[in-house]
Every structure is written in C-alpha cells, then in structure tokens.
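Structure first, commentary second.
Only the coordinates and a few stated rules stand behind these numbers; no lab work does. Predicted model only: the values in this text are computed from it and were never measured. All Cβ positions, glycine included, derive from the backbone under ideal geometry; neighbour counts span all protein chains shown.
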Ligand SMILES: CC(C)(COP(=O)(O)OP(=O)(O)OC[C@H]1O[C@@H](n2cnc3c(N)ncnc32)[C@H](O)[C@@H]1OP(=O)(O)O)[C@@H](O)C(=O)NCCC(=O)NCCS
C-alpha cells in the first residue's frame, strides 16, 4: 500500500474469509459440524479415531476401515529413541507444549517422506503425527517428572492410551468414553489461529511437520489453547463459588482479560460449552468436587450480566481435566492431542489445492527519508 492510502482493513483479520474448506463449519450461533456431521449428535457417540478418520478422509469409516485405522495409529506410537533422548536432555522445567513443539520438529528428520506433499504421503504422515503427538506429551511428561516412559499397549485407543501412558493405569470404560467426547469436541474448529498458522506454513509448500510445529507454537498462547491452563489457575485463585462474583467484578474493573470467556466467532455461545459443562457436572458428582463447576457457572452468570460475554470451551475444560487427574500444564497438550487431527486434515487440504497465503499490511511507519550515510561519515 502507498504510505498515503488508508484503505479499510480488519485488525486481527476479524470477519475475513481467508480461504475455503470442506472440513469444518463453525456456526456463529453456537453450532459446529465436521464434514457435515453435527458435533452434538456425534460427539458423545463416536470414538476419537472415527472423528479423526472423518476429518482426514472426508467420510466416516466402515467397521473394517476403522479397525485398520486404529491399528495403524497404535503401530506408530513409539518414538525414535533419539527423540526420547532429546526429551531427556531438555531442562525438567520445560513446559509440555515446548517439549511437544521441539519433538514434532525433530520427528520430521526421522520420516523418509519428509519432502513429499502428495495427498497419500500427507495421510501417512498424519497417522504418524496423530500417534506420536500423544507419545511426545505422555513420555515427555513422565521424563519431566523423573519417571521412565511406559511401554506401549497397542490394544488401547487414543483416549485410553492418554491415561495409561501417563500413570500406568488402564482407565475405566467411562473415563475412556469421556475422553473420546472431549477429544471430539477439540478435534477441529476451521480457521482458528493454530490451524491458520499451519495452513500459512503449508501454503509455502513447507511440509506437514513444519506446519504442525507452527501450529503447536501458536496453540500455546493464552488467547488460544493456553486459555485452558490459565482458566484452572483462575479457578484455583477464586477457590469457592461465593467468592466468584466479587473476584470477577474486581478483575473487570481493572480491565483484565478473563480466561475462558469470549470468542472471535461465537457471539451467542460456544457450541462446545453445553457438552463440556455436562461432563464437568458428571465428574463433579463422581469426584465430589462440584464446587469447580459452580464457580464456572457463577462466573458465566456475572460475565453475561456485566459484559454480555459468553464462556468458551476452555472454561469448563479446565475443571474437567483437573477432576480427571491431570495437572494444569497438561491442559493445552490435551487440546493438541486432539487438534492434531484437524491440523493434519487442513494441511492436506491446503497442499491438495494450494495457493500461497500472503496478505498485505497497512504501512504506518515514517515517510520516505534520506539515508544520512554510515555513522561518522558526515
Ligand atoms: C478469544 C478472544 C481472544 C477473542 O478476542 P476478540 O475477538 O478480539 O474479542 P472481541 O473483539 O469480541 O472483544 C469485544 C470486547 O470484549 C472484551 N473481551 C473479550 N474477551 C474478553 C475477556 N475474556 N475478558 C474480558 N473482556 C473481554 C474485549 O476487550 C472487547 O472490549 P472493548 O470493546 O471494550 O475493547 C478474547 O475473547 C479473549 O482474550 N478471551 C480470553 C482468552 C480465551 O479464553 N481464549 C480461548 C478462546 S476459545
């Protein structure tokens, strides 16, 4: 743009349609569908593998295809030993999202298909990434806790494996079912920041590992995936439901951003909140820790009254993960363990019909001025 032109533009690309996708539709009026299937219908019935297959391939799998897909993922879970060694070399204080980002980047060097962006190669690499992102999280976590990674149990689903690989206990059926539903809720969300970052990277014809590395880095931020870790810190600070209103009003008066509230697209409620809230209630009853949900509900009520802002999925994900026994640092990695399916589907779609993503900026710096020469030359 010339320095004088002041065209209309959209800060933060709000409301801008930046491309087409057949993968996912986010309805601003609290709806969400994957490849035409309503998440509310499918979310608590399908397994995560079924949803991941749908996102990647465009259609639901039949029984044989699903069995094969599960086996293919389970067979790819083990990390190259050099990658495990790298996880050991990182300082024990490294955040699990930083371990994950470094791990995904390193994994690229162990894939002979690294430079092949064809559809089939991308699907093959997607299966590996879905499998290994989870192992990077679980093995990385155990190593940071000074514990040995556990041997693989290929008979477990992705949802069951997440529990098992962290603490060695095979979860009960209801826990696995719950985790499948949570993974299904997080699996895709059209052009959210991390997916868009992945697509920008892929649009240069960089490979899927580079794109997923970009995505993991982007997901960590508290305005995006990092909000579910920050939400738990907020709930711990509030402590009890009777303190929620006063706490929130003070924060709003100080113009603070409240984690787990607001959304770029949803203005009448996040489609995933009712499902996550129900899970939170269920877990609250099972664990006797319903106070966490009561704090969230009080915050929702006050936020609606004071600012007209709705809760997003990360508000309720925080106590859900806590009650399932995960430390808050694992909240965003849990999100990544699911969203990797969406990232891979989007990178594949981008490569299949690519055009470089390269917008313009509006220049607001100094006008053209004369270079005075190197220092001391005058
Ligand atoms: C998600 C988020 C980044 C969207 O940002 P956005 O689209 O730029 O926000 P909007 O333009 O809709 O914001 C409208 C107004 O509400 C305010 N607002 C939005 N979210 C808010 C929040 N969580 N707490 C307090 N105020 C908030 C904005 O400051 C703005 O106020 P203003 O008009 O006085 O400047 C933002 O809501 C946020 O930071 N939320 C907290 C982090 C979070 O939970 N992220 C996970 C998203 S799934």
Rounded to whole Å and sorted largest first, list the principal axis extents of the Cα atoms in the chain. 75, 57, 46
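How do the peptides 40-46, 239-245 rank, highest first, by the average count of neighbouring beta carbon atoms within 10 Å per residue? Before the final figure, lay out the partial values.
Working: 40-46: 16.7, 239-245: 14.7.
Highest to lowest by the protection proxy: 40-46, 239-245.
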In a GNM of the chain with a 10 Å cut-off on Cα contacts, which of 298, 165, 257 has the highest mean-square fluctuation? 257
Highest-MSF residue in the chain out of 320, 340, 170 [GNM, Cα springs under 10 Å]: 170
Tell me, how many Å apart are the Cα centres for the range 167-220 and for the range 320-378? 15
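Using Cα pairs closer than 8 Å and at least 6 residues apart in sequence, work out the relative contact order for the range 227-323, in percent.
44
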With a 10 Å cut-off between alpha carbons and a GNM built on the chain, which of 31, 288, 140 moves the most? 288
What percent do you get for the relative contact order of the chain when only Cα pairs under 8 Å and 6+ apart count? 24
For the range 227-323, I need the span (max minus min coordinate) of the C-alpha atoms along each principal axis, in Å, sorted largest to smallest. 36, 28, 21
The residues 209, 371, 316, sorted from fewest to most surrounding Cβ atoms within 10 Å, come out as 371, 209, 316
